[in-house]
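Participant: Before we start, here is the structure in question, set down as structure tokens.
The values are calculated or read from the model by the stated rules, or taken from the named source; none is laboratory data. If you're wondering where the values come from, they're calculated on a predicted model, not measured in any experiment. Cβ placement follows ideal geometry from the backbone for every residue including glycine, while neighbour counts extend to all protein chains displayed.
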Amino acid sequence: MEFELWWLLSWPIFFGLGWFAARVDIRHLLRESRSLPRSYLKGLNFLVNEQPDKAIDAFLDAVQVDPQTIELHFALGSLFRRRGEVDRAIRIHQSLIDREDLNSEQRLQALRELGEDFFKAGLFDRAERAYLQLRDSGRREDATRALLEIYQQEKDWPRAIEMARALPDRGDLEIERQIANFYCEIATTDIANGRFDEARQHIQDALNTQKKNVRATILQGDVLAAEGKDAEALEAWKRLEQQNPAFLSQVAERMMEAYRRQGEPERGIALLRFYLEHYPSLDLLEAVFQWEMEKQGPQVAYDLVRDELKRNPTLLGLEKLLEAAVHTAPTERITDVELVKGLIHGHTRRVARYRCNACGFKARQFYWRCPACGGWETYPPKRTEEFDLAP
């Protein structure tokens, strides 16, 4: 490549321009830093070093020195809320809203922060008023999602349905699952109060939203059973085998009671034994075991659990085996069997829980909505031991 002299001459020029630009940036940065209150910089330093208490004190000093620091007010309010000092966060954000020098975007942000403060404090009515104001602004989606959470906390299912339907991602499967469960919540209340026609309508609304919603199918059977239509209730519950057979364990006792009322307990136990063989479940084993213990005696129950343990060895199954063995063992062995059963029980208490797929929260009973993360249908109808033993 031919070397040209002007390339060599251009290097000092480019270097000088770069040096000049850097000097200008540094001077601008120094002027900006000098204009900030010293306590503000101290607060930032405390935050970096994870000392939020000292950071708050420093920021409070900065606000007193320069009350125009809008963003600092927001940061301070957020810190108070995270620390649980919601009343102080509310005062800060309310004072921002009362100021006349805020632009429209800052006022909307202050209103959103205030709504979050009220929600954190459990003041749902005030939080609702704040978010309803935001629904007429560019923050409509955020406000709608916040209102949806508020109405779920208040169990105001009709308004929760309204908010869920107003979300832009209306066709999302998770939103449809939520709406179907909202209808099921209403139907559950209807059944408890004997409003069976209303319950049927809300169950149908749930199925129209999510065609194969297992909870709605279970509730269909519940309505029919409450009306004395056991044969139709059984047909409804049997549909779970096609929808999701794991949920058969949730209706096992109801099915047995329906067969008993019809005078056909043998058909019921035969059906549940069939389900247990093809869709193993600890809850299903528990239901069949208790029925056999009560109706057929401990020896039949013992044989049932022994055969099931050969197919699916579990600690919970072993505990049931020992429970039956207490009644069938020789007198001189009963104390030994009870000792072993007590030892096993200490371990089964830890694995006999349901676990949320979303957050991992464990509970002793089955929930349609996780009490920890609020997710709907995040609890599989299986005990944690069954997942631990799954290949």
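Participant: Within the range 248-282, can you find the residues that are hydroxyl-bearing (S, T, Y) and closer than 15 Å to A233 by Cα?
Facilitator: Y259
Participant: Taking D169 as the residue in question, decide whether it is surrounded by fewer than 21 Cβ atoms within 10 Å (Cβ to Cβ) and at pLDDT 95 or above.
Facilitator: No: the conditions fail for D169.
Participant: Are any of the residues in the range 282-301 touching a residue at least 40 places away in the same chain (Cβ under 8 Å) and either out of contact with any strand residue (DSSP E or B) (no Cβ under 9 Å at 6 or more places or on another chain) or within 16 Å of A225 (Cβ to Cβ) (or both)?
Facilitator: For the range 282-301, residues touching a residue at least 40 places away in the same chain (Cβ under 8 Å) and either out of contact with any strand residue (DSSP E or B) (no Cβ under 9 Å at 6 or more places or on another chain) or within 16 Å of A225 (Cβ to Cβ) (or both): present.
Participant: Within the range 257-268, can one find any residue that is under 21 Å from T188 (Cα atoms), out of contact with any Gly (no Cβ under 6 Å at 6 or more places or on another chain) and outside the structural domain of E198 (by TED's automatic domain parsing)?
Facilitator: yes
Participant: L234: farther than 30 Å from I161 by Cβ, at pLDDT 95 or above and assigned to a helix (DSSP H, G or I), yes or no?
Facilitator: Considered against the rule, which asks whether it is farther than 30 Å from I161 by Cβ, at pLDDT 95 or above and assigned to a helix (DSSP H, G or I), L234 comes out as yes.
Participant: Out of E308, E332, E277, E294, which single residue is in a helix (DSSP H, G or I) and either modelled with pLDDT under 80 or within 23 Å of R215 (Cβ to Cβ) (or both)?
Facilitator: Result of the check over E308, E332, E277, E294: E332.
Participant: Tally up the residues in the range 191-211 that are under 10 Å from A180 (Cβ atoms) and part of a loop (DSSP other than H, G, I, E, B), please.
Facilitator: Result for the range 191-211: 2.
Participant: Still on this structure: Report, ordered by the first and then the second residue, all pairs with beta carbons closer than 9 Å, sequence separation of six or more or different chains, a first member in the range 100-118 that is farther than 15 Å from A75 by Cβ, and a second member that is among the basic types (K, R) and in a loop (DSSP other than H, G, I, E, B).
Facilitator: R107/R99; L108/R139; L111/R139
Participant: Quick one: in the range 327-366, of everything that is in contact with a Pro (Cβ under 9 Å, 6 or more places away or on another chain) and not hydrophobic (A, V, I, L, M, F, W, C), which residue is nearest to E286 (Cα to Cα)?
Facilitator: Within the range 327-366, the match that is nearest to E286 (Cα to Cα) is Y354.
Participant: Continuing with this model, one more query. Looking at (1) surrounded by 20 or more Cβ atoms within 10 Å (Cβ to Cβ); (2) in contact with a Lys or Arg (Cβ under 8 Å, 6 or more places away or on another chain), can you tell me which one L79 breaks?
Facilitator: L79 satisfies every listed condition except (2).
Participant: Are there any pairs with C-beta distances below 6 angstrom linking a residue in the range 162-186 that is free of Cβ contacts under 8 Å to residues at least 24 places away in the same chain and over 23 Å from Q220 (Cβ atoms) to a residue that is in a helix (DSSP H, G or I) and among the hydrophobic types (A, V, I, L, M, F, W, C), with the two at least 6 apart or on different chains, and if so which?
Facilitator: M163/L147; M163/L148
Participant: State yes or no: is K229 farther than 28 Å from G268 by Cβ and not assigned by TED's automatic domain parsing to the domain that holds P381?
Facilitator: Against the criterion (farther than 28 Å from G268 by Cβ and not assigned by TED's automatic domain parsing to the domain that holds P381), K229 does not qualify.
Participant: All but one of (1) at pLDDT 70 or above; (2) assigned to a helix (DSSP H, G or I); (3) not assigned by TED's automatic domain parsing to the domain that holds P313 hold for H345; which doesn't?
Facilitator: (3)
Participant: If you don't mind, another one. Mind checking which residues of the range 248-273 are surrounded by fewer than 22 Cβ atoms within 10 Å (Cβ to Cβ) and within 29 Å of the chain's Cα centre (by Cα)?
Facilitator: Hits for the range 248-273 are Q250, E253, R254.
Participant: State which residue is farthest from the chain's Cα centre (by Cα) when the search covers only the range 275-312 and only residues that are of a type in the set (V, I, T) and closer than 21 Å to A352 by Cβ.
Facilitator: By that ranking, first place goes to V305.
Participant: Please note which helices (runs of 4 or more DSSP H) are completely contained in the range 52-134 and include at least 2 residues that are among the aromatic types (F, W, Y), closer than 22 Å to R159 by Cβ and modelled with pLDDT of 85 or more.
Facilitator: So the answer is 104-120, 124-134.
Participant: Would you confirm whether or not the range 132-142 contains a residue that is surrounded by 20 or more Cβ atoms within 10 Å (Cβ to Cβ) and among the hydrophobic types (A, V, I, L, M, F, W, C)?
Facilitator: Yes, some residue in the range 132-142 is surrounded by 20 or more Cβ atoms within 10 Å (Cβ to Cβ) and among the hydrophobic types (A, V, I, L, M, F, W, C).
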